[in-house]
């Protein structure tokens, strides 16, 4: 079965201790491989939770347990968020796929293979990058400069660096671009101008995995105790509903 990447973007004012306790508790759930929370380097209330599950059924079982337990459902961080967000998407689900970055992003493990079929691509693209460069606060100026430069480019919808709430040497970059063509222009410009700089050496992680992920953006909303694609044309009969 295919592993599942879950991304939840929340607004949490005040002490983030509840968020830390939440991700730690989720780590103990059957089928959860990774669960970590990050806070934006610019906005302390901007929280990103990234998770990896063994497959969509492991996540479906977990979400079913949450919704069937009145006490758990009342206190669940994501259920409270769905109540305040309504139909505004704040969650993405993807079939987990790591890539090797370069002139062309190549699925990890397939770098030497030839691609004979090029599938059409439309809509926004989501990039998730997890790194553990060490350095702590010393890297914040570099992150901010990178972020400010990217946000001046046309077609960028989101470009935000986050720091782990638990592990000070682990960071997360979330990007969202209008479409693959816009992202390609950004990627080529960065490579031609060397404005992406030299990546710092990666240190060991205390939790989770470093990696580069590239997806067709798939936002979800919560309806009837299920996560449904924000585009109603993709609704179907599953626990996590994936676009075709």
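The values are calculated or read from the model by the stated rules, or taken from the named source; none is laboratory data. These numbers were taken from a predicted model, which means no experiment stands behind them. No Cβ is skipped: glycine too gets one built from the backbone with ideal geometry, and neighbour counts run over all protein chains shown.
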**Asked** Just checking, which of 163, 152 is surrounded by 15 or more Cβ atoms within 10 Å (Cβ to Cβ) and at pLDDT 90 or above?
**Response** 163
**Fill in**
In the set 69, 13, 55, the lone residue that is surrounded by fewer than 15 Cβ atoms within 10 Å (Cβ to Cβ) and farther than 23 Å from residue 174 by Cβ is 69
**Message:** Residues that are within 16 Å of residue 125 (Cβ to Cβ), in a loop (DSSP other than H, G, I, E, B), within 21 Å of the chain's Cα centre (by Cα) and at pLDDT 90 or above: does the range 196-204 have at least one?
**Reply:** no
**Prompt:** Does residue 31 count as over 23 Å from residue 174 (Cβ atoms) and in contact with a strand residue (DSSP E or B) (Cβ under 7 Å, 6 or more places away or on another chain)?
**Reply:** yes
